[in-house]
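Reading through the structure tokens given below for one structure.
Values quoted throughout were computed directly from the atomic coordinates according to the rules given, and no laboratory measurement underlies them. Keep in mind that this is a model prediction, so the values were computed, not measured. All Cβ positions, glycine included, derive from the backbone under ideal geometry; neighbour counts span all protein chains shown.
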Amino acid sequence: MSNYIKPYILLWPDADQYIYEGKVIGMIVSKPEVSPFDFLALTINREDLSLRDSIRFAKYANSLGTKVVFVPTLDSRREPWFLTSVQQHEILVEIAQHSQDDIQTAVLAGRGEIKSLVDYNYAAVAYSYNQILGSTVHHAEAVLAEFLKVISFKEPKDEPGLWWLMLLEPCEHCLRNMVDAKASLITYYNDHKAKWNTPEYLALKNELVCKRTYTKEIIVEEVLVPEALIEEVVE
């Protein structure tokens, strides 16, 4: 069996480069037959775009009615970058800082691999956050699912569906969006408020839990053993 990891192929239909201080920091993409919204895909490379400027550009784009997502790199063809759930949690917390909604959350979609029963790695295609356009709140998961349709993203036929990871347990509508996007696994870090546990949501959640495609994420911290203790055990 080959261990070759197929690259992500991102199509930028009718894309325009978003340039700041001589660097391409994002791509503006659209596909009217799929979505009435333009999307700004910003890099998360902090050497090219600081967090402060990223938040500023995202807020400005939202004010113009443009939805915003983030990508690890703007390369249209790239190898998946697998990061631990701890590392991805740090990125998601940073992405959530772009939220204008009272509920600050963020989500990623990408490939996943299981290191143990409670230790997962994720290679994100893209990230997004809760954003307000006009007077309407657009949830992070719905924005990201829509973006993947706009860029016509598809995993190879022999690959499983995407893994989704988010800071906050999704609402019923967003959960259905991810299911419709052929999610292979949906995980979250924090429970949402009890008021979101409608009978319809609980029924869908139970169905997915039984299929082992929906679960709460557990962050596994690396335990550092003092060298002196290691030497003592060896001796």
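Could you give the nm distance between label points at LYS195 and CYS171, where each point is 7 Å from its Cα heading toward the beta carbon?
With each label placed 7 Å out from Cα toward Cβ, I get 1.1 nm.
Mind checking which lysines have their Cα closer than 17 Å to the Cα of LYS59? Skip sequence neighbours fewer than 8 apart in that chain.
Output for LYS59: LYS67.
Apply the Karplus curve 6.51 cos²θ - 1.76 cosθ + 1.60, θ = phi - 60°, to the phi angles in the stretch 198-208 and return the couplings in whole Hz, x for Gly and Pro.
Karplus values, whole Hz, x for Gly and Pro: 6, x, 5, 5, 4, 5, 5, 4, 4, 4, 6.
For the stretch 182-190, just list the computed ³J(HN,Hα) in residue order, Karplus coefficients 6.51, -1.76 and 1.60, θ = phi - 60°, integers in Hz, with x standing in for Gly and Pro.
6, 5, 8, 8, 10, 10, 8, 8, 10
Would you please give the FRET efficiency between ASP119 and LYS149, computed as 1/(1 + (r/R0)^6) with r the Cβ-Cβ distance and R0 = 25 Å, to the nearest 0.05?
0.20
Could you work out, for the chain, what percent of all Cα-Cα pairs fall into each 10 Å distance bin, beginning at 0 Å and stopping at the bin that holds the largest distance?
Taking every Cα pair in the chain, the percentages come to 7, 32, 35, 18, 6, 2, 0.
Between beta-carbons, use under 12 Å as the cut-off and find the net charge around ALA181, counting Lys and Arg +1, Asp and Glu -1.
0
May I ask for the net charge around GLU207, where only other residues with Cβ less than 13 Å from the Cβ of GLU207 are counted and Lys, Arg are +1 while Asp, Glu are -1?
The answer is +2.
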